[in-house]
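Just below is one structure, and these are the notes that go with it.
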Amino acid sequence: MTADAGPTRVDATAGVDGIGDAGATRAEAAGTGGPADPAGLRRLAVDTLDANWEHDHTVPSRTLYPHQWSWDSAFIAIGLAHVRPDRAWRELASLFRAQWADGRVPHIVFNPALRVGAYFPGPEMWGTADVPGTPAVATSGLVQPPVHALAALLAYRRAPDTTGLAALRRLYPALVAQQRYLADRRDVAGDGLVCIVHPWESGLDNSPAWDDPMAAVPAEAAVMSAYRRHDTTHADAAHRPTDLDYARYLAIVAAYRDHGYSDRELSAGHPFLVECPLFNAAFGAAEHALAEIATLVGGDPGPHRDRAARITEALLRRLYAPNAGTFQPRDLRTDRLVSARTVLGLAPLILPDLPTRQADALVVEARSARFGVARRMDRPLPTYDRTAPDFEPLRYWRGPSWLNTGWLVRHGLLTHGHPDLAAGLRRSMIGLVTQAGCHEYFHPDTGAGLGSPAFSWTAALLLDLLAD
Ligand code: 9WN
């Protein structure tokens, strides 16, 4: 692993102007290896994506994640649109070929050519083959944040040609069905928001946001002795979720699987039921994007705009914590907001119709010592409040900096008229890759690369940042 928390501190002002010579010196001094100039960075990103391309999709990482993941494909398509637009559309098309009849887009699409054990938990654990309405290919039964409509719209804007328009036209009904599944089947509380049924659905698997709801899931770490975790053979166990986390992940999968992946009567006994601010912000942003896509493909944007407005209103009513000045997840098993301040709470900034009062509060939260967003950032954006006593700089979503959450916050800052802060964040993110390469995540103090060293969405979103 290249996960040494090396001594070099990221000078986050490397970037826009600063990814030139000064960046070169730093990258070379760090010895870990991102190239210093924009052309070199772009080449690294394209090479990473090319190396991870697998017949009709991009794997997030050849070692850790050798199949296709749902929200990864969306972020990857945004980057591919700059350099390989044809692949951007193939990426999304292959994912949506695995869409279930009920409209759910599975979070993993398994590559049947890979050996058993190439990833844990594999198809045998999910057992989706016999579930009615599933595709021919093996998949998981969970979903991930629906960032795909936004990705498709941005991809089209980057490459607005007839091929793109035809692809958008084909994707549109599938994107609508994805939203309909979430709205009709996953509104467990009946409040207009989507409920996630597993931390993996959030995409931020072991975020401190899930500690309280996870504590109620009965499981023993010892059950993991019966399984072979694949992730800890490729990454340092101290940088990954714990065995107790995994025992609970498996228990929740088993509960959903044994319920036939049905969303009926989940509130009666499913062990994990949470409304996540990032997931629901993506859900709302998807309706905004679909309104624009509908206009492009000759559909009616009106119903999408109405639904978008209702989602924003529900987010404000159910997940905004005025005293904290941020959004927080709601645990539906206790009907209480989770108080941990994580980057998930900043995600509603991506909603263009977020009222000024809450948008301003989120900007205050982003600029606070907890997250440190600034015109000149001295450290990267963490995924968790860096002043919290249980902040963990190495462990996955419990502190490290990730490009996708940074990209979403930056998108939100631009949406709400904060170009200077957005520029600071962009410089910081480019600085991370300049110093360490296309890592999966980064040490939130030193910027050292953590997790997979050739991670696809880091490469893809870097391309998007470089192009802006
Ligand atoms: C479980 C693929 C995925 C990302 C998630 C990230 C991680 C999987 C894992 O990798 O999750 O879905 O095995 O840890 O948390 O956001 O989509 O990159």
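Here, each number is a calculation from the coordinates, and none is a lab measurement. Only a predicted model underlies this, so the values are computations on that prediction, with no experimental measurement involved. Note that we place each Cβ from the backbone using ideal geometry, even for glycine, and neighbour counts take in every protein chain shown.
Its relative contact order, with pairs defined as Cα atoms under 8 Å and 6+ residues apart, puts region 244-398 at 19 percent.
Near residue 263: Cβ cut-off under 10 Å, other residues only, Lys/Arg at +1 and Asp/Glu at -1. The net charge is 0. For region 38-467, the relative contact order comes to 18 percent (Cα pairs under 8 Å, sequence separation of at least 6).
Compute the relative contact order of region 192-312 as a whole-number percentage, counting only Cα pairs closer than 8 Å that sit 6 or more residues apart in sequence. The value is 33 percent.
For the pair residue 97 and residue 323, a Förster radius of 35 Å applied to the C-beta separation gives a FRET efficiency near 0.15, rounded to the nearest 0.05. For region 418-468, what class follows from the C-alpha gyration tensor (a ≥ b ≥ c being the square roots of its eigenvalues): rounded when a/c is under 1.5, otherwise prolate if a/b is larger than b/c, else oblate? Here region 418-468 falls in the oblate category. Packing-based ranking of 359-368, 62-71 yields 62-71, 359-368, ordered from highest to lowest mean Cβ neighbour count within 10 Å.
Which log10 I(q)/I(0) values does region 179-254 give at q = 0.15, 0.25, 0.27 Å⁻¹ under the Debye formula, counting every alpha carbon as one identical point scatterer? Normalising to I(0) and taking log10 leaves -0.61, -1.22, -1.34.
Length gained on full extension, residue 86 to residue 295: 73.0 nm, using 0.36 nm per residue less the C-alpha separation.
Once you order the gyration tensor axes a ≥ b ≥ c over the Cα atoms, which shape class does region 251-355 get: rounded for a/c under 1.5, otherwise prolate or oblate by comparing a/b with b/c?
Details: a/c = 2.59, a/b = 1.30, b/c = 1.99.
Oblate is the answer for region 251-355, as a/c is 1.5 or above yet b/c matches or exceeds a/b.
For residue 336, the residues 5 or more places off, or on other chains, whose built amide H falls under 5 Å of its own are 331. The Rg/Rh ratio of region 249-313, with Rg taken over Cα atoms and Rh as the Kirkwood radius over Cα pairs, comes to 1.16.
How charged is the neighbourhood of residue 304? Take every other residue with its Cβ under 13 Å from the Cβ of residue 304, and add Lys/Arg as +1 and Asp/Glu as -1.
Numbers: positive: 180, 305, 307, 310; negative: 287, 292, 300, 306, 353.
Net charge around residue 304: -1.
With Kirkwood's inverse mean 1/r over C-alpha pairs for Rh, give me the Rg to Rh ratio of region 310-468, two decimals please. Walk me through the intermediate numbers first.
On the way: Rg = 15.3 Å, Rh = 15.8 Å.
Across region 310-468, the Cα-based Rg/Rh ratio is 0.97.
By the helix-only formula, in which each DSSP H run with n ≥ 4 contributes -39500 (n - 2.57) and the sum is divided by residues, the chain has a 222 nm mean residue ellipticity of -14500 deg cm²/dmol.
Here the spin labels are modelled as points 7 Å beyond Cα on the Cα-Cβ line, and at residue 220 and residue 267 they lie 3.4 nm apart.
Counting other Cβ atoms within 10 Å as a rough exposure proxy, the listed residues 327, 75 run 75, 327 from fewest neighbours to most. A crude spin-label estimate for the pair residue 334 and residue 170, with each label 7 Å from Cα along the Cβ direction, gives 4.7 nm. For residue 290, the shell of other residues with beta-carbons less than 10 Å away shows a net charge of 0, using +1 for Lys and Arg and -1 for Asp and Glu. Normalised by residue count, region 38-467 yields a Cα convex hull volume of 127 Å³ per residue.
Computed extension length for residue 37-residue 228: 64.6 nm, one decimal, from 0.36 nm per residue of separation with the Cα-Cα distance subtracted. On the basis of the beta-carbon distance and an R0 of 30 Å, residue 51 and residue 116 show a calculated FRET efficiency of 0.80. Over the C-alpha trace of region 136-264, radius of gyration and Dmax come out as 18.2, 55 angstrom.
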